[in-house]
Amino acid sequence: MSISVQLNVNGKSVKLDCPANTTLVDLIRERLELTGTHVGCDTSQCGACTVHLNGRAVKSCTILAAQCEGAEVTTIEGLGDTDNLHPMQEAFRECHGLQCGFCTPGMIMSAVDLVHREPSINERVIREGLEGNICRCTGYHNIVLAVESAAKKMRN
Amino acid sequence: MVEQSIGKSVLRKEDLRFITGNGRYTGDIDLRGQTHGYFVRSPYAHAVVGEVDTSEARSMPGVVAILTGKQVAEDELGGLPCGWMIHSKDGSEMKQPLHPVMAATKVNYVGEPVALVVADSFDEAKNAAEHVSVDYEELPAVVSTAAAQSGPDIYAEAPGNTCYQWELGEKAATDAAIEGAAHVTRYSLTNNRLIPNALEPRAAIADFNRGTEELTLYTTSQNPHLARLILTAFVQIAPEHKLRIIAPDVGGGFGSKIFVYSEETALAWASMKLGVAIKWTAERSESFLADAHGRDHVSDAELAMDEEGNFLALRVKTTANMGAYLSTFASAVPTYLYGTLLAGQYKTPNIYVEVDSVFTNTAPVDAYRGAGRPEATFLVERIVDLAAKELGVDPAELRRKNMIQPADFPYQTPVALEYDIGDYEVSLNKALEMADYAGFANRKADSEANGKLRGIGLSCYIEACGLAPSALAGALGAGVGLWESGEVRVNPTGSVTVLTGTHSHGQGHETTFAQLVASRFGISVDDVEVVHGDTGKMDFGLGTYGSRSLSVGGSALSVAADKVVEKGRKIAAHLLEGDVDNIDFEDGEFRLKESNRSKTFQEIAFAAYVPHDYPIEELEPGLAEKAFYDPVNFTYPAGTHICEVEIDPETGVTEITKFTAVDDFGTIINPMIVEGQVHGGVAQGIGQAMLEQCVYDESGQLQTGSFMDYCMPRADDLPNFTVGMTTTVCTHNPVGAKGCGEAGAIGSPPAIINAITDAVGVRDISMPATPEKVWRAIQEQRA
Ligand code: FES
Ligand code: FES
């Protein structure tokens, strides 16, 4: 069965038909060809697919496109680009918070939401807040530093 | 003048694409008209494959074709080879049962591919795969490493499920030393089986071009040339010059993407057969089932000492699980990457090790970050710690007493390696200081006052990296050389394109290698582009594993850059009307000695490509040089890791309060990247020591087949790391580097278990030391 969905992705209005079982991540990656959002698992455990849905971080592999009717979706591509990086993107680079880069888009999207959500940011809050995002490369040490540093900039 | 960048934490050139979502991983690539592949996999660990009925599936929507293991056999494809021949102690060759691209007659582990469904979409392929019906006749499965040799035989050609029985060292001398020793410490251990879980699942697209008859394979590989060699020379999919392998951005490997697997091989074959492009991306469950796993040793060890605690002999008996088939490098891991490291940092005069490697009905086991060296280090650093406890001496002092001293280098170990250089005590002292070892007693008292247990543990590790001198590797059974290629192409404007046979999948080569070459030429790092991962672009190379990229690949680039400078001096001599011997090159300028005349690097590059005023009779135009660098020895990174833990005795929950790593990696190009490698390695070591365990049940079903059941280290499981460096420069490569990618995973596990057992006051807790195991140990201790 095919459904029709209309949503706003990275500031652009999108209207398309897709099978009813299409997940948000499939819509983003396969239909809109925004491949910055990654898939790292099939059990909603890794967070590589994290995007913002109406401003909150969600795992896009567990959301159906059909649930996104009228929603605002932001992916890593919409967060900031090379000439206009989001402070979180910049901090990940400056603090060496990424190695292979596969977890990075999801990690950054989760971290941005965490900073928006949590009144005070410290190591414990970051580590617990990013618990849903697996990084196999960095050991998280520099990710924590990156989020601390970006939080300062985002709050200024 | 451009600032020298060697030794500076230059931000990574590759990061901009990754942080903006512009990375290009295999799964991000779509080709026009591509189809999708999905594998039918065995649900049984051990079964005879009867009829494979594809008729129903074939009629399902979107299905293009279904290819089975029987067709692989009919097409006479070669098996997937193991690249390292190990000989048993009786001189016989290891047993290498056929590792088919897809199983035709018998399946030997759960998840083994039996058929490939090709369809227009991924969903259609997956749906159809569920309708392929395979007749299986289940056989008893062999699962346990320790009991494999007494189980039913999986292969007729490998009685007792034994692949080989290998030995190294002097048995008689070791036995005699142990016999007469004042004190012998004994230790039996299991080195837990791990699943690598790079975050990007394996993926591939095979694209056969009927016009050119060229097959392009995009794949998640750490070594695309090696994959091409195996697919052409051994499996005989296509001629080497007609197969191009591209490993674009790869999302982590840790060893698991070295190997040539069934899936990409089947895809390549099917694409040629069907004349269509086929894409496959593993679902995470498939990664758990069918990526090569790591570790999985069972060992008994004895360390003999005299009255003063001087080590006299070490005797080790290990059983190593190979899984169902020999993966690409599997046989070398528990032998030449393990037995040879049993001397550790110590002057133990007699060492003898026996390794039986066994087949089981589990996924193949191969190199995983550290590969053999973590297993050796765990054994040595645990038994040394136990010895210290038994003798009642400080574990740091027992280690210090037995360490190889700077004056002893080059040091020939009793297990075949010759260490070139190191200063182990300097790293030990620095680590003790950074960890405030002296203040531990006070912290322990504080913890106890709060009802907590506190412990501290050390590990002084060594590893052999920079694989490897080709002749030596060949003598030990390697099927390939282990040199590396590098090309430095100076462009007419003076910017530089660097091509390397190594592959970066998180290590930051695009930055480190750019720093290396930029510094040599006195140009900006931004003017150097590093290209890797495409057999169509660069010369044959051996890839990235064994912490080899900078020490071997970087050395090739260093030699190539020297050749560029040499040629540049000749061009400069012509332009400056001087003698070549009087041309110096420094800070990006070729200067004629005792004159104020000079030419910039860019001017020389331009002259080389626009040779109007040029010594054209003696010198070819152009400025691009290659080097193939074959190392003369392994490199020997070493250091000390110290772990301090606090345990809640009511729950067994263990917190690492401080983890200190002090490492000697030789020359460091980019400290930020090196520290990042240490962090990542230690995180995987903590994973092994405290969280991760691959579990199969008795019938060979994988119990830990998802991130819900297999405990990956997450941000809130780990501490911050305290990282320090010491430096002795590698004596035999032009960069002076030793490699840093694996040290964290090698050094950390024994430090952690030493700390936990110290806190609890027990001899041993097996890895992973989960809260439950720790709690039980505390209860037993109290009882
Ligand atoms: S892909 Fe969505 S959580 Fe892993
Ligand atoms: S950077 Fe590789 S998984 Fe996080």
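Observations on the model:
- Exclusive hit being more than 30 Å from residue A:22 (Cα to Cα), in a loop (DSSP other than H, G, I, E, B) and open to solvent by 10 Å² or more (accessible area, probe 1.4 Å), set B:155, B:136: B:155
- Of residues in the stretch A:34-52 being within 20 Å of residue A:129 (Cα to Cα), open to solvent by less than 10 Å² (accessible area, probe 1.4 Å) and of a type outside the set (Ser, Thr, Tyr), the one farthest from ligand 2 (Cβ to nearest atom): A:51
- Being more than 27 Å from residue B:713 (Cβ to Cβ) and away from chain B (no Cβ under 13 Å) is a property that does not hold for residue A:34.
- Being open to solvent by 10 Å² or more (accessible area, probe 1.4 Å), more than 21 Å from residue B:688 (Cα to Cα) and in a strand (DSSP E or B) is a property that does not hold for residue B:300.
- Among the residues of the stretch A:98-121, those that are away from ligand 1 (no atom under 15 Å from the Cβ) and of a type in the set (D, E, K, R) comprise A:117, A:118.
- Selection over the stretch A:107-124 of residues that are more than 7 Å from chain B (Cβ to nearest Cβ), open to solvent by less than 30 Å² (accessible area, probe 1.4 Å) and more than 9 Å from ligand 2 (Cβ to nearest atom) gives a count of 7.
- Enumerated strands (runs of 3 or more DSSP E) restricted to the stretch B:623-728, each holding at least 2 residues that are open to solvent by 20 Å² or more (accessible area, probe 1.4 Å) and touching a residue at least 24 places away in the same chain (Cβ under 8 Å): B:624-629, B:654-664, B:721-726
- Residue in the stretch B:119-126 that is within 14 Å of another protein chain (Cβ to nearest Cβ), at pLDDT 95 or above and closer than 30 Å to residue B:698 by Cα present: yes
- Counting only helices (runs of 4 or more DSSP H) that sit completely within the stretch B:333-451, those holding 3 or more residues that are crowded, with 24+ Cβ neighbours inside 10 Å and in contact (Cβ under 8 Å) with a residue 60 or more places away in the chain correspond to B:373-391, B:424-434.
- The sole residue among B:655, B:675 that is in contact with a strand residue (DSSP E or B) (Cβ under 6 Å, 6 or more places away or on another chain) and more than 10 Å from chain A (Cβ to nearest Cβ) is B:655.
- Candidates are the residues of the stretch A:125-154 that are assigned to a helix (DSSP H, G or I) and without any contact (Cβ under 8 Å) to a residue 24 or more places away in the chain; the one that is farthest from the other protein chains (Cβ to nearest Cβ) is A:152.
- Failed item in (1) within 16 Å of ligand 1 (Cβ to nearest atom); (2) away from chain B (no Cβ under 13 Å), with residue A:59 passing the rest: (2)
- Evaluation of residue A:55 against the conditions (1) touching a residue at least 60 places away in the same chain (Cβ under 8 Å); (2) within 16 Å of ligand 2 (Cβ to nearest atom) shows that the sole unmet condition is (2).
- Test: residue in the stretch A:78-92 that is within 16 Å of ligand 1 (Cβ to nearest atom), open to solvent by 10 Å² or more (accessible area, probe 1.4 Å) and either assigned by TED's automatic domain parsing to the domain that holds residue A:48 or at pLDDT 95 or above (or both): no
- Exactly one residue out of B:783, B:737, B:745 is more than 14 Å from chain A (Cβ to nearest Cβ) and open to solvent by less than 20 Å² (accessible area, probe 1.4 Å), and it is B:737.
- Here is the figure for the stretch B:262-282: residues that are in contact with a Pro (Cβ under 7 Å, 6 or more places away or on another chain) and not in a strand (DSSP E or B) total 4.
- In the set (1) at pLDDT 95 or above; (2) touching a strand residue (DSSP E or B) at 6+ places or on another chain (Cβ under 6 Å); (3) of a type in the set (A, V, I, L, M), the condition left unmet by residue B:538 is number (1).
- All told, residue A:38 meets the bar of being modelled with pLDDT of 95 or more and within 11 Å of ligand 1 (Cβ to nearest atom).
- Scanning the stretch B:230-261 for residues that are more than 14 Å from chain A (Cβ to nearest Cβ), assigned to a loop (DSSP other than H, G, I, E, B) and either surrounded by 24 or more Cβ atoms within 10 Å (Cβ to Cβ) or touching a strand residue (DSSP E or B) at 6+ places or on another chain (Cβ under 8 Å) (or both) turns up B:237, B:238, B:258, B:259, B:260, B:261.
- Enumeration of residues in the stretch A:41-56 that are near ligand 1 (Cβ under 9 Å from one of its atoms) and farther than 25 Å from residue B:16 by Cα: A:42, A:43, A:44, A:45
- Flag for residue B:539 being surrounded by fewer than 18 Cβ atoms within 10 Å (Cβ to Cβ) and in a strand (DSSP E or B): no
- Qualifying residue in the stretch A:8-19 (condition: crowded, with 20+ Cβ neighbours inside 10 Å, more than 11 Å from chain B (Cβ to nearest Cβ) and within 15 Å of ligand 1 (Cβ to nearest atom)): no
- Given (1) among the aromatic types (Phe, Trp, Tyr); (2) at pLDDT 95 or above; (3) under 30 Å from residue B:539 (Cβ atoms), index of the condition residue B:164 fails: (3)
- Taking (1) open to solvent by 10 Å² or more (accessible area, probe 1.4 Å); (2) within 16 Å of ligand 1 (Cβ to nearest atom); (3) more than 7 Å from every other protein chain (Cβ to nearest Cβ) in turn, residue A:65 satisfies each apart from (1).
The values are calculated or read from the model by the stated rules, or taken from the named source; none is laboratory data. No experiment lies behind these values; they were computed from the predicted model shown. Cβ: placed from backbone, ideal geometry, glycine included. Neighbour counts: every protein chain shown. These accessible areas exclude ligands, DNA and RNA; they are computed on the full protein's heavy atoms, side chains included. Shrake-Rupley method; radii C 1.70, N 1.55, O 1.52, S 1.80 Å.
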